[in-house]
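Here is the structure we will look at, set down as structure tokens.
Just so you know, all these numbers are worked out from the coordinates, no wet-lab data involved. Computed from a predicted model, the values in this text were never measured in an experiment. As a convention, Cβ positions derive from the backbone with ideal geometry for all residues, glycine included, and neighbour counts pool all protein chains shown.
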Amino acid sequence: MKNNNKVKLGLHISKINHIISRKMDSAVISAIDDNLTVSQAYVIDYIFMKGENQEVFQKDLEKEFDLKRSSISLMLNNMEKSGLITRVSVAEDGRLKKIILTEKSNKLYEKISEAIDSIENKLCENITQEELNVFQGVLDKIRDNLE
């Protein structure tokens, strides 16, 4: 569909992304007295939630966060140096390393979760579940258009 009315959708999405990133940075930084990035906070949140039921590997993070292998690898290296995760070889394949949160990350998780949830809840204020479902569908279509 050609955009005849010249709505700058990409610009609006970029602006919203910038606002959300700023708010999320602020919430995470104020909740945690540590040098933790928002991306790392989301990774800890994901591993904590997903890791209860299954092992988490780098490829899972690449897919979940739609990031390149090199970007996730760098983030995980930094997280490992900071004592937030450990990577452990699995018996079936020595090349595969599952990602495990350290005690330090587990202690930070509740504060991380509260900080993320506070912003996520703010994003959804005054929006019905039906509107959220439509919005999610539109976002999925936009992502599909770009892939």
Show me, for the stretch 54-65, the HN-Hα J-couplings you get by feeding each phi into the Karplus relation (A = 6.51, B = -1.76, C = 1.60, θ = phi - 60°), rounded to Hz, glycine and proline as x.
7, 6, 10, 10, 4, 4, 5, 5, 4, 5, 4, 9
Each label point is 7 Å from the Cα along the Cα-to-Cβ direction; what then is the distance between the points at residue 145 and residue 103, in nm?
5.1
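Report the relative contact order of the chain, percent, no decimals, based on alpha-carbon pairs under 8 angstrom and at least 6 residues apart. Let's see the in-between values first.
On the way: 103 pairs, mean separation 34.6, N = 147.
About 24 percent, as a whole number.
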Would you kindly state how much longer the chain becomes between residue 113 and residue 88 on full extension, computed as 0.36 nm times their sequence separation minus their alpha carbon distance, in nm to one decimal?
6.5 nm
Using a Förster distance of 25 angstrom, determine the FRET efficiency expected from the C-beta separation of residue 6 and residue 125, and round it to 0.05.
0.25
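For n ≥ 4 DSSP H runs only, could you compute -39500 (n - 2.57) per run for the chain, divide by its residues and tell me the 222 nm figure to the nearest 500?
Details: 6 runs with 96 residues, N = 147.
One gets -21500 deg cm²/dmol as the mean residue ellipticity at 222 nm.
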Once the Cα atoms of the stretch 48-135 are picked out, what are the Rg and Dmax in Å?
16.1, 50
Sort out for me the Cα centre separation of the stretch 36-75 from the stretch 76-145, rounded to whole Å.
6
Can you give me the three principal axis dimensions of the chain from its C-alpha atoms, in Å, biggest first?
56, 35, 26
Expressed to one decimal in nm², the mean projection of the alpha carbon convex hull of the stretch 45-98 is 3.9
